[in-house]
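Trainee: Before I ask anything, here is the structure I am working with.
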Amino acid sequence: MSTEVAERGVFGRLVGQHDVEQSLRDAALSARGDSSGSEMTHAWLFTGPPGSGRSVAALCFAAALQCTSDGAPGCGECHACTTTMGGTHGDVRRIIPDGLSISVKGMREIVNIASRRPTTGRWQVIVVEDADRLTEGAANALLKVVEEPPDRTVILLCAPTTDPEDMSVTLRSRCRHMPLVTPSVESIAQVLIDRDGLDPERARIAASISGGHVGRARRLATDESARDERQRSLRLAADAIGASTAYKAAENLVKSIEADTKAFYAELKEQELEELKVSLGGGGTGKGTAGTLRGSAGLIKDLEARQKSRDTRARRDLLDRTLIDLAGMYRDALSYSLGSTSTATHPDMARQAAELAARTSPEGLLKCIEAVLECREAVDFNVKLQWALDAMVASIGAAFRPPFSRSGG
Ligand SMILES: [Zn+2]
């Protein structure tokens, strides 16, 4: 790890988020001198596309608020920082929705915790991941807390966007907004060089085809199977055209998404369990051994439950990623077709994009992009993945037959 990363403490986990990082550091610093809690902004909203690190940013901020070191808040080394990042700080609660929405029960839990004073920490911090999954009822209950927050309570909400579909307008208006951006190719490449020790050329190529997702860039750079997966999903752009290949390709995609999710989580789950164990080991609370063991078992069970409820969401994110890649392929073809010079989504697939452009009209390519977006929506509405993909390849196939295949037709 480079010294630059070490100096940034917990914030070293953020990539290409300079403005947000600075705001959070400033806020955490001024929160230190705020003994009454009256100056503090009690509700924050972190938005950003998948992979930008919105929930990581929220957690870093939670650590900075609780940090007990004399230096910059969020040192990453004190007990408060390590337990916050490890998920065992008593006054930092992470709420991750069960399945598709945050239940009324989950919401009552949030409201209940929000009303408590911190026990050992400086603040009572509640991180609501996927706040876009709040039901209307749950959002209203949360709004009451946000409108009249207890002095020492801070609520951190995470959502993809501030779109009213993701977040109620009233709730959004009560929060200070921290918009994370898609990290630049350069900043992603830099992380791969500094943290993963990759050579610059390899890092840059992986970053350029990662769609702004650091974790994905790392996998593309280091894991051959990840590169294969990407190739396979991009190949669907061409396979979907032929009736004989389309459905088989869609079926293979479903299989590869399942396999990819499994592999992806194997690593993450292990890492989380490790972090939990480290933070449990570091917590000398003076309780009896039996009590500690019981507590540990409970925490591990909690972790497993969190991991399980996250699986559904993860599979979706992965599918989303694949579909965005695919839409990017047709977008590149459309740019080519229209003679536009905009930056390609897949700079390494220029030949394939040109081939697609040669086989249908710009209108046909637009139809393809539409078909991909419709598939995304269908899956969001719980349509079975295989069916949604079948419908998608059918529409794509149609976009390569007359009238679309005749220019201007
Ligand atoms: Zn610290």
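The values are calculated or read from the model by the stated rules, or taken from the named source; none is laboratory data. Just so you know, these numbers come straight off a predicted model, no measurement behind them. A quick note on method: Cβ atoms are made from the backbone with ideal geometry, for glycine too, and the neighbour counts reach across all protein chains shown. What goes into the accessible areas is simple: the full protein's heavy atoms, side chains included, and nothing from ligands, DNA or RNA. Shrake-Rupley method; radii C 1.70, N 1.55, O 1.52, S 1.80 Å.
Trainee: Amide H of Gln124 versus every other amide H placed in the peptide plane: which residues, excluding those fewer than 5 positions away on the same chain, fall under 5 Å?
Mentor: Result for Gln124 returns Thr153, Val154.
Trainee: Pull out a ≥ b ≥ c, the square roots of the eigenvalues of the alpha-carbon gyration tensor of the range 180-220, then state rounded if a/c is under 1.5, prolate if not and a/b is larger than b/c, and oblate in the remaining case.
Mentor: prolate
Trainee: What is the gain in length, in nm to one decimal, between Ser115 and Arg176 on full extension, counting 0.36 nm per residue of separation less the C-alpha to C-alpha distance?
Mentor: Contour length minus the Cα-Cα distance gives 19.9 nm.
Trainee: Tell me, Kirkwood radius of the chain from alpha-carbon pair distances, in Å?
Mentor: Numbers: mean 1/r = 0.0434 Å⁻¹.
About 23.1 Å for the chain.
Trainee: Report the per residue volume, in Å³, of the convex hull enclosing the C-alpha atoms of the range 70-127.
Mentor: Numbers: hull volume 5.2 nm³, N = 58.
Hull volume over Cα atoms, normalised by residue count, gives 90 Å³.
Trainee: Right, next: Considering amide H positions built from the backbone, and no H for Pro or chain starts, which residues 5 or more places from Leu45, or on another chain, come under 5 Å of its amide H?
Mentor: Hits under the 5 Å cutoff: Leu157, Arg176, His177, Met178.
Trainee: Ordered by residue, what ³J(HN,Hα) values in Hz, to whole numbers, does the range 135-151 give under the Karplus form 6.51 cos²θ - 1.76 cosθ + 1.60, where θ = phi - 60° and Gly and Pro are x?
Mentor: Each residue's phi maps through the Karplus curve to give 6, 4, x, 5, 4, 5, 5, 5, 4, 4, 5, 5, 6, 10, x, x, 3 Hz.
Trainee: A follow-up question, please. May I ask you to compute the full-extension gain from Lys384 to Ser30, defined as 0.36 nm times their residue separation minus their alpha-carbon distance, rounded to one decimal in nm?
Mentor: Additional length available on full extension: 122.5 nm.
Trainee: A further question follows. Sequence-distant or interchain residues sharing an amide H contact under 5 Å with Arg94, placed H: which?
Mentor: For Arg94, whose amide H was placed from the backbone, the distant partners under 5 Å are Val127.
Trainee: Per DSSP helix of 4 or more residues, -39500 (n - 2.57); summed, then divided by the residues of the chain. What does that give at 222 nm, rounded to the nearest 500?
Mentor: Here the helix-only value at 222 nm equals -20000 deg cm²/dmol.
Trainee: Residues of the range 3-182: accessible area per residue at 1.4 Å, in Å²?
Mentor: Working: 7770 Å² over 180 residues.
Using a 1.4 Å probe on heavy atoms only, each residue of the range 3-182 averages 43 Å².
Trainee: Which whole-Hz ³J(HN,Hα) couplings does the range 350-360 yield from phi under the Karplus relation 6.51 cos²θ - 1.76 cosθ + 1.60, θ = phi - 60°, glycine and proline marked x?
Mentor: 3J(HN,Hα) across the range 350-360, in whole Hz: 4, 5, 5, 4, 5, 4, 4, 4, 6, 9, 8.
Trainee: Subtract the Cα-Cα distance of Ser340 and Lys269 from 0.36 nm times their separation in residues, and report this length gain in nm to one decimal.
Mentor: 21.2 nm
Trainee: Next up: Cα axis of helix 224-239 to longest principal axis of the chain: angle in degrees, 0 to 90, nearest 10?
Mentor: On a 0 to 90 degree scale, this one is about 40.
Trainee: Let me ask something additional. Quick one: net charge of Arg117's neighbours, Cβ under 12 Å, K/R +1, D/E -1?
Mentor: Numbers: positive: Arg116, Arg122, Arg152; negative: Asp91, Asp151.
Combined, the nearby Lys, Arg, Asp and Glu give +1.
Trainee: Take the Cα pairs of the range 3-182, get the Kirkwood Rh, then feed it into Stokes-Einstein at 4 °C and 1.567 mPa s and tell me D in µm²/s. Please list the in-between numbers first.
Mentor: Working: Rh = 16.1 Å.
Approximately 81 µm²/s, per Stokes-Einstein.
Trainee: On the protein heavy atoms, probe 1.4 angstrom, tell me the percent of accessible surface of the chain carried by carbon and sulfur.
Mentor: 52
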